[in-house]
Structures are given as structure tokens and as C-alpha cells.
1. Please go through region 125-182 and pick out each residue that is more than 15 Å from the chain's Cα centre (by Cα) and among the charged types (D, E, K, R).
2. Specify which of the listed residues (278, 268) is modelled with pLDDT of 90 or more and out of contact with any Lys or Arg (no Cβ under 6 Å at 6 or more places or on another chain).
3. Hey, can you tell me all the residues within region 127-149 that are open to solvent by 20 Å² or more (accessible area, probe 1.4 Å) and either assigned to a strand (DSSP E or B) or at pLDDT 95 or above (or both)?
4. Tell me the residue from 198, 234, 246 that is of a type in the set (S, T, N, Q), open to solvent by 30 Å² or more (accessible area, probe 1.4 Å) and either more than 29 Å from residue 131 (Cα to Cα) or at pLDDT 95 or above (or both), please.
5. Taking residue 27, is it modelled with pLDDT of 95 or more and open to solvent by less than 30 Å² (accessible area, probe 1.4 Å)?
6. Taking the stated definitions as given, is residue 169 farther than 30 Å from residue 136 by Cα, among the hydrophobic types (A, V, I, L, M, F, W, C) and open to solvent by less than 60 Å² (accessible area, probe 1.4 Å)?
7. Do we have residue 22 as in contact with an Asp or Glu (Cβ under 9 Å, 6 or more places away or on another chain), at positive phi and open to solvent by less than 20 Å² (accessible area, probe 1.4 Å) here?
8. Can you give me the number of residues within region 257-290 that are of a type outside the set (S, T, N, Q) and over 22 Å from residue 300 (Cα atoms)?
Amino acid sequence: MTARVAPDQVRTVACVGAGVIGGGWVAYFLAHGYRVRAWDPAPDAEPRLRHLVDAAWPALTELGLADGADRAHLTVCATLAEAVDGTDLVQESAPEDLELKRRLLADIDEVTAPHVVVSSSTSGYPMTDMATACAHPERMVVGHPFNPPYLIPLVEVVGGERTDPDAVAWASEFFAAAGKSVITMDREVPGFIANRLQEALWREALHMVEAGEATVEQIDRSITDGPGLRWPFQGPMLTFHLAGGQGGMAHMLDHFGPSLLSPWTRLDAPELTGALRDAVVAGCDDAADGRTVDELVAERDRRVVALLRAKGAA
């Protein structure tokens, strides 16, 4: 079998599906200097795709284009086989329909050289469930982006039960080389990591609106003018680590742990066992990476001030 190109040597990417997510990927890859071959069965796919790329280009230009970045490096192909011919990676971004994903991934698998990694933009389906009809499931991975993919850095990478770990590692290295912030997940979970957290917030918001407990405007402002200002820099876990003062997360859990049983959300909380407590504390210590609470507070404050100024300017 032909050897797989090194992740940092990828030159051509095939994007299958050219909607909002697929088109966002196309714009991102073009801006980072790749040649892109795209295919979408919709009759108006090409003009919609080129419009999306043109609309995204000013923001990408402001962020900084890679050497050789050029919208002329986009080829919109007439067939799936033409799109994947000679590619170094396939990024699938079809609608979120499990049967459609299964059929499409099987079709991609059939016409793509066996050494090429195939990545899916699915927002929730495990690859184990999607690759059931693939002859080469070992090269199938999830590469879940966030909308718009040309701006939001995160990609969550995870394989299925039959995925070769080397394919997962290769995909993670490729996305990192392409400038993405990569989370390589240890195991499959429906919705992955970020979408599960988003979904928990979303469901509680719907409950509050339905019960007349909060308006849409109140819910949005509670995040944009509240914890959302801290999360870009330290995330929810380190945020709570600092809420524990000099005692950090250990003090936070020991002091506020009983509130997990309070009716602050409609989600059931896990039992705060010693093992869970210790795992969270150890994780925060790792994330702090030697920085003291005082240093983390100063870092947070400096960045939040910069963000508040940026919000005001915008």
C-alpha cells in the first residue's frame, strides 16, 4: 500500500459536502495554503461555495494568510471520485443524518486510495456507528470542528472501534499542522466534549424559558457579561479552581461540593466520590502547570480587561 504522506506535508485536501460547515472548511484550508478539491451533489453547490469563501476571506486575511494562500486553488469537481483523486485527506461534511453518513462514507471509502485518512465533521455520531459499511474502517476518524470552521480553532479528533490508532494520531497531527487547536479524545462519546457541554447549557436555557424563569435576553447576557468573559482564557474547570481561593479546586470541591445536590440545574450531578474529587483536583494542577493561584488570577484579570476593551471597541 502507498505510504501515507506526513501530516505536515499535506498539500491537497478533498472537502465532501459544501454547506456551512464544509464550505467553512474549504475557506480555512485555502487560507492556510492548501489546494482544495470540493464536491457536493446540490446543483447550486459551486456558486454557494464560492460565495461563502469570498465572504470568509476578509476575516481570514485579517488573521493572516499562509504563504501561497489563493482562492484560485479551489477546484469544484463534478463527481466524488474526481474530488478525492490525488488527495492527501478527505474531510466529509454532509448533513447530520446517520444513514446518509453511512452511505456517503462507504462511497468515499470505495473511491479513495486506502492509505488516505477520511475525517468526518459529524457533530455527534460516533465513528463506530458511521463506518459500518466501510471496507477500510481503520482509516476513518471524526474531525469535529466548530462553526464557523474558518474562525473557531477547535477540532475534536476521535476514532471508532475499528479505527487504527495511527490514523487518529495522523489526523491530530495534521490538524495541528494546519493551525487548529486539537483535542484527541481517549474514547468515543456521543456529541464529543464541547457539544455535550453546549447541550447541557442549551437544555437548561430552554427549561428556564419554558418555566418563565428567564428571558432569552437575560440568558444570553448572563453568559456574555458573566462567565463567558472568563472561559476564553481558563475554561470552566480552572475558573472554579480560582473560585476556591488559595486552596484552589480542592477547597472548592470540599466547601461547595454539597451544592451539587442543590436544585441549580435539571441535570443530575454525579456523586462526588473521593476518586472524582482527586481526579478533578489533579487535572486542575496539571492545567495550572506550576502557576500559583495569584499568578492565574493576575493572568485572568489582564486578559479579561483586554477582552472588555475589545468588546467595547467592537
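The values are calculated or read from the model by the stated rules, or taken from the named source; none is laboratory data. Source: prediction; values computed, not measured. Here the Cβ positions follow ideal geometry from the backbone for every residue, glycine too, while neighbour counts run over all protein chains shown. When the accessible area is computed, the model is the full protein with side chains, heavy atoms only, and any ligands, DNA or RNA have been set aside. Shrake-Rupley method; radii C 1.70, N 1.55, O 1.52, S 1.80 Å.
1. Hits for region 125-182 are 129, 138, 139, 161, 162, 164, 166.
2. Values: 268 fails: modelled with pLDDT of 90 or more.
Every option except 278 fails the conditions.
3. Of region 127-149, the ones open to solvent by 20 Å² or more (accessible area, probe 1.4 Å) are 128-129, 132-133, 135-136, 138, 146-148.
Within region 127-149, 128, 129, 132, 133, 135, 136, 138 qualify.
4. On the way: 198 fails: either more than 29 Å from residue 131 (Cα to Cα) or at pLDDT 95 or above (or both); 234 fails: open to solvent by 30 Å² or more (accessible area, probe 1.4 Å).
Exactly one of 198, 234, 246 is of a type in the set (S, T, N, Q), open to solvent by 30 Å² or more (accessible area, probe 1.4 Å) and either more than 29 Å from residue 131 (Cα to Cα) or at pLDDT 95 or above (or both), namely 246.
5. On the way: modelled with pLDDT of 95 or more: yes; open to solvent by less than 30 Å² (accessible area, probe 1.4 Å): yes.
Against the criterion (modelled with pLDDT of 95 or more and open to solvent by less than 30 Å² (accessible area, probe 1.4 Å)), residue 27 qualifies.
6. Values: farther than 30 Å from residue 136 by Cα: no; among the hydrophobic types (A, V, I, L, M, F, W, C): yes; open to solvent by less than 60 Å² (accessible area, probe 1.4 Å): yes.
It is false that residue 169 is farther than 30 Å from residue 136 by Cα, among the hydrophobic types (A, V, I, L, M, F, W, C) and open to solvent by less than 60 Å² (accessible area, probe 1.4 Å).
7. Here the answer is no, as residue 22 does not meet what is asked.
8. Residues of region 257-290 of a type outside the set (S, T, N, Q): 257-258, 260-261, 263-264, 266-272, 274-290.
After this cut, where a residue has to be over 22 Å from residue 300 (Cα atoms) as well, the list is 257-258, 260-261, 263-264, 266-272, 274-279.
So the answer is 19.
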